[in-house]
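Engineer: Here it is, the structure in full.
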Amino acid sequence: MRVTDIYHHLTVQDDYRWLEDAKDPKVSKWVEDQNNFTEAYLGKFQDRVSIHNRLKELYSRVSPNYYGGTFRGGQAFFMKWDPSKQQPYLVRFEFTDMLGSENIVFDPNEYDRKSSTSIDFFVPSRDGKLVAISLSKGGSEDGSLHIFNVKSGEKLPDVLPKVNYPTAGGSAEWNENSSGIYYTRYPREGEFSQDDMHFYQRVYFHKLGTDINSDVYVIGKEFPRIAEIKLSSSEQGDGLLATVANGDGGEFSHYYMQSSGKWIKISDFKDQAKGSVFSKDGKSLFLLSRKGAPGGRILKISLESPDIQHPGTIFGAREGSIEDFAVTEDRIFVSEVVGGPSRLFVYAQSDSTYVSDVAPSTEPISSIDEIVAVPGNSLLIRSQSFIQPSSWYLLDHTLSIKRTPLESKSPLDTSSFEAKREFATSKDGTRIPINLVMRRGTVRNRSNPTILYGYGGYGINLKPAFSIHTLAWLDMGGVFAVANLRGGGEYGDEWHMAGMLTRKQNVFDDFIACAEYLIKTGYTSQEKLAIEGGSNGGLLMGAVLTQRPELFGAVISHVGIYDMIRVESQDNGVFNITEFGTIRDPDDFDAIYSYSPYHRVVDGTQYPSVMLLSGENDGRVDPSHSKKMAARLQSATRSRKPILLRIDTAGHGFGTTLDLRVAQDTDVFTFLHQELHLS
């Protein structure tokens, strides 16, 4: 079954290409056999039952978590994760009664008793009376837009298909009087070839109560094949902004539709403008620009005559890299990430002067996750840390801050845990932050079971975050370490660019340096060190596993990318070209092939214990990557340590039910208990 390809005069052989065909009965049987082997291996350990029970207990005892805050029509809307439910659901509060009663807007657990339906995104109408919700099944992210009455929960007959899909996602925004909605749409049958059905996202307008076949095309034909569109508008709703990402590499352009219907191009990819917020009067647009300012700067542009080449510069980053910002009547609130943790700064809008900084959390290593402007020159802030769950705070016009009842509480007393930051030195001398979470008084005796987690891509910041996964590991006596690698955005655009395209090896060098640091400083040893990552972090796991197999005791890799040559031929892979490069370019190919994990597996190597996890409904990373990597490792290793593959019915992680998440965590921790020799 060997397949031979030639790339730029290099011959590459692939013995497991046949595993890419998920519809082949032989592949289905192979996956079934792999799952059976994994189940048999893990099922023989008595600790598995107690681990499962402890995880269920921790998940059931944590209090609800609120996220995705949006304010419209005098109401605050949130997604709510509740341990008594399989899927998160949508709730609302009257803002004047923020401390009072909660109202359920839509609960997918009631809508679909099998709990296979999940919310991709939601958009309330400007008056808060209606809400558009994209729903998909089985973690597929293949969403259709549904319209609901906010107060009664009544579902309107309008259903707009092909609104959302993995990677490019989807978006919607209401018109001025909420009589219709603008939405992103993927091609319908016959509009494009089958190879293009998940590309060429465009914007259409639907008038409520009308046939979707009469929906009007608005914009998108001039956008790239890999466009990822987000829609927004001012509070007045008399204009529409389309923010267009050029795939996943961090390039954005902005198009604005005036009330007359005329479109104006505000910025191009080369202008390096990213985030955007309308002024309260709707006459100006604030932009987060990286051009000439890797840490970012806030620009102000008039929407009557927009000119990004001559904007009004408000201010630049104060301490780190601007991640997010919000605008109220006369203030601008800016969240900056500083190497991982984040801080909130307040500026006067009139003259751009610095007013104050705000620290909602008492934890020194914490994050600002969301900021939502609300009436009264006030701000809602979501903050959390590694050992304290998220809480929402209200910052009023006097800059007085108070915690709201939207506070999640840990199922364990976390006062016995601590978080601190240390730095490793990478191969080229770059200092790499490591966040260490552990019990107070942990002794550096090289015997601590440790998980080192990393990602390093797409400019994504790994900020301090609370999770039951981490808490469970701490409860087992482990140390949890999070590395802030290049490729992320923890120190701005330069940090991201240093770990993308032909510079991707820097990410792997950074992670290896962090692992070596943990061993050298006595936190752990090779035998007690596990590494974990997912998606792009799965690529990281595959790369460091094949480059330094002797450095780790165990490897946990979720929904990873491993065959970097074939990924471009798959739907999601094309979106990654602006981040990874393309195999069609000789220089990009050389860099990609040099670290492609699947191609770096060497026969006869003593590989550590490995568990690869994936889901058959994953539309972002084809599960064939995990199948092929498992097969190749199983064929090559000579260590007698297990190479396990676990494939379930989930997607890329979105829409995973609580029960399935507990089952995944149970198998991961059972595996680590055995392979790291935990008592």
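Coordinate-derived values only; no laboratory data. These numbers were taken from a predicted model, which means no experiment stands behind them. Every residue, glycine among them, receives a Cβ derived from its backbone with ideal geometry; neighbour counts consider all protein chains shown.
Engineer: Work from the charge dipole of the range 380-483 (Cβ charges, +1 for Lys and Arg, -1 for Asp and Glu, about the Cα centre) and give the residue of His397, Ile468, Met438 farthest towards its positive end.
Structural biologist: Of the options given, the answer is Met438.
Engineer: Among Phe575, Phe345, Ala242, flag the residue with its Cα farthest along the positive direction of the charge dipole of the chain, charges on Cβ as +1 for Lys/Arg and -1 for Asp/Glu.
Structural biologist: Farthest along the dipole direction, towards plus: Phe345.
Engineer: Counting pairs of alpha carbon atoms under 8 Å apart in space and at least six apart in sequence, what relative contact order in percent does the range 20-176 give?
Structural biologist: On the way: 256 pairs, mean separation 18.7, N = 157.
With pairs under 8 Å counted, the relative contact order is 12 percent.
Engineer: Here's another thing I want to ask about it. Calculate the FRET efficiency for Tyr7 and Thr502 from the Cβ-Cβ distance with a Förster distance of 25 Å, rounded to the nearest 0.05.
Structural biologist: 0.95
Engineer: Another question, if that's okay. Using only alpha carbon pairs under 8 Å that are at least six residues apart, calculate the relative contact order of the range 342-384 and give it in whole percent.
Structural biologist: It comes to 31 percent, rounded to a whole number.
Engineer: Between the DSSP loop rule and a limit of at most 15 other Cβ atoms within 10 Å, which chymotrypsin sites (Phe, Trp or Tyr not before Pro) in the range 569-658 are left?
Structural biologist: Within the range 569-658, no chymotrypsin sites (Phe, Trp or Tyr not before Pro) qualify (loop, at most 15 other Cβ atoms within 10 Å).
Engineer: Related question: Out of all Cα-Cα pairs in the chain, roughly what percent, to the nearest whole number, are more than 46 Å apart?
Structural biologist: Taking all Cα-Cα pairs of the chain, the fraction more than 46 Å apart is 15 percent.
Engineer: Given 0.36 nm per residue, what is the gain on full extension from Lys420 to Thr398 after removing their alpha carbon distance, in nm?
Structural biologist: Working: separation 22, 0.36 × 22 = 7.92 nm, distance 3.22 nm.
Net length gain for the segment: 4.7 nm.
Engineer: Let me ask something additional. Report the calculated FRET efficiency for Gln194 and Ser635 (r = Cβ-Cβ distance, R0 = 45 Å), to the nearest 0.05.
Structural biologist: Numbers: r = 33 Å, r/R0 = 0.74.
Computed FRET efficiency for Gln194 and Ser635 comes out at 0.85.
Engineer: Another question about this same structure. How much mean residue ellipticity at 222 nm does the chain get from its helices, if each DSSP H run of length 4 or more adds -39500 (n - 2.57) and you divide by all residues, to the nearest 500 deg cm²/dmol?
Structural biologist: Numbers: 13 runs with 133 residues, N = 679.
Calculated from helices alone, the mean residue ellipticity at 222 nm is -6000 deg cm²/dmol.
Engineer: Using alpha carbons only, what's the Rg to Rh ratio of the range 224-273 with Rh from Kirkwood?
Structural biologist: 1.00
Engineer: What pairs from Lys44/Lys641; Lys151/Lys280; Lys291/Lys427; Lys427/Lys627 go past 20 Å between their alpha carbons? Before the final figure, lay out each step's value.
Structural biologist: Working: Lys44/Lys641 16 Å; Lys151/Lys280 27 Å; Lys291/Lys427 29 Å; Lys427/Lys627 32 Å.
Violating the 20 Å Cα-Cα cut-off are Lys151/Lys280; Lys291/Lys427; Lys427/Lys627.
Engineer: OK, next. Averaged over every viewing direction, what's the projected area of the C-alpha convex hull for the range 463-556? Give it in nm², one decimal, please. Write down the numbers at each step before the final one.
Structural biologist: Numbers: hull surface 25.6 nm².
Here the figure is 6.4 nm², rounded to one decimal.
Engineer: By how many nm would the segment from Leu156 to Ile104 grow when fully extended, if each residue of separation counts as 0.36 nm and the alpha-carbon distance is taken off?
Structural biologist: Additional length available on full extension: 17.0 nm.
Engineer: Identify, among Ala317, Ile298, Tyr256, the residue whose Cα sits farthest towards the positive end of the charge dipole of the range 254-317, taking +1 on the Cβ of Lys and Arg and -1 on the Cβ of Asp and Glu, with the dipole about the Cα centre.
Structural biologist: In the range 254-317, that residue is Ala317.
Engineer: Count neighbours as other Cβ atoms within 10 Å of each site's Cβ, and list the chymotrypsin sites (Phe, Trp or Tyr not before Pro) in the range 24-121 that are DSSP loop with at most 15 such neighbours.
Structural biologist: Counting only loop positions with at most 15 other Cβ atoms within 10 Å, the chymotrypsin sites (Phe, Trp or Tyr not before Pro) in the range 24-121 are Phe45.
Engineer: Antiparallel as a % of all DSSP beta bridges within the range 400-520, to the nearest 5?
Structural biologist: Within the range 400-520, antiparallel bridges account for around 70 percent of the total.
Engineer: Taking 8 Å as the Cα distance limit and 6 or more residues as the minimum spacing, I'd like the relative contact order of the chain as a percentage.
Structural biologist: Relative contact order here is 11 percent.
Engineer: Let me ask something else about it. Of the DSSP beta bridges with both residues in the chain, give the percent that are antiparallel, rounding to the nearest 5.
Structural biologist: Given both bridge residues lie in the chain, the antiparallel proportion sits at roughly 85 percent.
Engineer: Taking the range 480-561, which trypsin sites (Lys or Arg not before Pro) meet the DSSP loop condition and have no more than 15 other C-beta atoms within 10 Å?
Structural biologist: Listed in order of number, the matching sites amount to none.
Engineer: Okay, moving on. Going by a ≥ b ≥ c, the root eigenvalues of the Cα gyration tensor, does the range 369-408 fall in the rounded group (a/c under 1.5), the prolate group (a/b larger than b/c) or the oblate group? The partial results should precede the final answer.
Structural biologist: Values: a/c = 2.45, a/b = 2.10, b/c = 1.17.
Prolate, because a/c is 1.5 or more and a/b exceeds b/c.
Engineer: In nm, to one decimal, how far is the modelled label at Ser63 from the one at Gln526, with both set 7 Å along Cα→Cβ?
Structural biologist: Inter-label distance under the simple model: 4.7 nm.
Engineer: What nm value, rounded to one decimal, do you get for the distance between Asp357 and Ser679 when each label is placed 7 Å out toward the C-beta?
Structural biologist: 4.3 nm
Engineer: A follow-up question, please. Obtain the radius of gyration and the Kirkwood radius of the range 473-528 from its C-alpha atoms and give Rg over Rh.
Structural biologist: Value, to two decimals: 1.09.
Engineer: Please work out the Cα convex hull volume for the range 317-471 and give it in Å³ per residue.
Structural biologist: Dividing the Cα hull volume of the range 317-471 by its residue count gives 139 Å³.
Engineer: Something else: Using only Cα atoms, figure out Rg for the range 24-133 and give it as a multiple of 2.2 N^0.38 Å.
Structural biologist: Normalised by 2.2 N^0.38 Å, the Cα Rg of the range 24-133 equals 1.53.
Engineer: How long are the semi-axes of the equivalent ellipsoid of the range 206-291, taking √(5λ) for every eigenvalue λ of the Cα gyration tensor, in whole Å from largest down?
Structural biologist: 23, 18, 10
Engineer: Report Rg(Cα)/(2.2 N^0.38 Å) for the range 594-679, keeping two decimals.
Structural biologist: Ratio of Rg to 2.2 N^0.38 Å for the range 594-679: 1.19.
Engineer: Turning to a different aspect of this structure: Just to confirm a number: summing +1 for Lys and Arg and -1 for Asp and Glu over residues other than Asp428 whose beta-carbon lies under 15 angstrom from that of Asp428, what do you get?
Structural biologist: Its environment carries a net charge of +1.
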